[in-house]
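Okay, structure first, notes after.
The values are calculated or read from the model by the stated rules, or taken from the named source; none is laboratory data. For clarity, every value in this text was computed on a predicted model and none was experimentally measured. All Cβ positions, glycine included, derive from the backbone under ideal geometry; neighbour counts span all protein chains shown. Heavy atoms of the whole protein, side chains included, go into the accessibility calculation; ligands, DNA and RNA do not. Shrake-Rupley method; radii C 1.70, N 1.55, O 1.52, S 1.80 Å.
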Amino acid sequence: MPKGVVTRVRERLRGWRRRIRRVPPQPDWVNVEINNTCNLDCIMCPREAMNRPARHITQQEFQEIADKVKEADVRRIRLFLLGEPLLHRELVPMIRYCKQIGIPSVEINTNAVLLDEAASGELIKAGLDELVISIDGADAETYEAVRCGAVYEEVAANVRNFFQIRGQLQKQRPRGVIQTMLMEPTHQEIARFVEMWRPVADELRIQSVREYGGLEGLSYTERTADDELRPCPALWSYLVILSDLTVVPCCTDINGDLALGKITEADITDFWLHNGRLNSLRRHHCGLAFEGLPLCQDCEMISLDVMRRKAAACAEHSTGAKEDPS
């Protein structure tokens, strides 16, 4: 390896090692998987690989989690992961509780199948801060082939009605984000999707599909042996609490392979700053020592080149939308 390249690599490694000593005092956000049940069978979802039993977090469990999030001064709580949050009967009380105790931003991601007039009104009145709506495809044929079990016209009507109801209530929140996934079935429709939904949404997002859990053939990008590697930013950004109350460091850890413990065992700050397994993961990542780490060694998020290719693909297929390669 040329001397200049070796020097650059060593400098970068020193910078990453310094990074572990500069872990922020709290995560940027916490994902709480309030339920791991869903009403659709989407082709890019890794649910088939999930071996955890179906479970909904109870209201009492959630309030204890929310209290810990607030105590740690985490500013964002996201009430979803591997499930459709509108299936949880206590979703609206959960949102209300978060706002009552002063959590600045409460967010959910939904497929909008259950986002009828009543649900829209309740979410708006409860104080939800951000509603991310996932729509993949710009016509019924593509959308229904991707999001199996949903009816495109019904979902599109729900989404438009949500913004209309928010206007009637003279509210600015929740901020409405419409998101689509860039992948093989949808790539030819991204420009049409942007043109269709830009006048409706507060923000459009293009998210590149991530292949994991055995899903193949959807992505525009692949890791190669020559890719420049990096520590995964997730380890310095957020925590995830699964529906069985297991804390994990990554949103792709659908079965708790990198479990840090149960949220009932410690506070958010303890997990974030003092958890032995999490800090060990950070050290391995700062040394680019991924071999043998469950999930990490095969993940595309450790490749700077994959992230660059994702950003380029999104830019190529969209105009006027915010690109989100993560």
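A few remarks follow.
- Label-point gap, in nm, between E265 and R277 - each point 7 angstrom along Cα→Cβ: 0.7 nm
- In sequence order, segment 80-91 has phi-based couplings of 5, 7, 9, x, 9, x, 5, 7, 7, 5, 9, 4 Hz under the Karplus curve 6.51 cos²θ - 1.76 cosθ + 1.60, θ = phi - 60°, and Gly or Pro positions carry x.
- In plain terms, the C-alpha convex hull of segment 232-274 casts an average shadow of 2.9 nm² when viewed from every direction.
- Of all DSSP beta bridges in segment 154-296, antiparallel share, percent nearest 5: 40 percent
- Length gained on full extension, K99 to D116: 3.8 nm, using 0.36 nm per residue less the C-alpha separation.
- Evaluating 6.51 cos²θ - 1.76 cosθ + 1.60 at θ = phi - 60° for every residue in segment 239-248, the Karplus couplings come out as 10, 10, 10, 6, 5, 8, 6, 6, 8, 10 Hz, glycine and proline recorded as x.
- Accessible surface ranking that places the most exposed of K70, K125 first, with a 1.4 angstrom probe: K125, K70
- Calculated SAXS-style log₁₀ I(q)/I(0) at q = 0.11, 0.16 Å⁻¹ - segment 95-239, Debye, Cα scatterers: -0.51, -0.96
- Once backbone amide H atoms are built at 1.01 Å from N, Q179 has I133, S134, I135, R205 as its partners under 5 Å, excluding neighbours fewer than 5 places away on the same chain.
- Segment 244-314: relative contact order in percent, alpha carbon pairs under 8 Å with at least 6 residues between: 21 percent
- Length added when fully stretched, E203-E291, from 0.36 nm per residue minus Cα-Cα: 27.8 nm
- Residue-span extension gain [A157 to A140] - 0.36 nm each, minus C-alpha spacing: 4.9 nm
- Entries of K70/K310; K99/K171; K70/K125 with Cα pairs more than 24 Å apart: K70/K310
- Sorting D227, D67 on solvent-accessible area from highest to lowest, probe radius 1.4 Å, gives D67, D227.
- Listed values for segment 265-273 are Karplus-derived 3J(HN,Hα) couplings in whole Hz (6.51 cos²θ - 1.76 cosθ + 1.60, θ = phi - 60°), namely 8, 7, 8, 4, 4, 4, 5, 6, 9, and x replaces Gly and Pro.
- Distance between modelled label sites at Q170 and R52, nm, 7 Å Cα→Cβ extension: 4.3 nm
- Gyration tensor verdict on segment 104-167 (Cα atoms; rounded if a/c is under 1.5, prolate if a/b is larger than b/c, oblate otherwise): prolate
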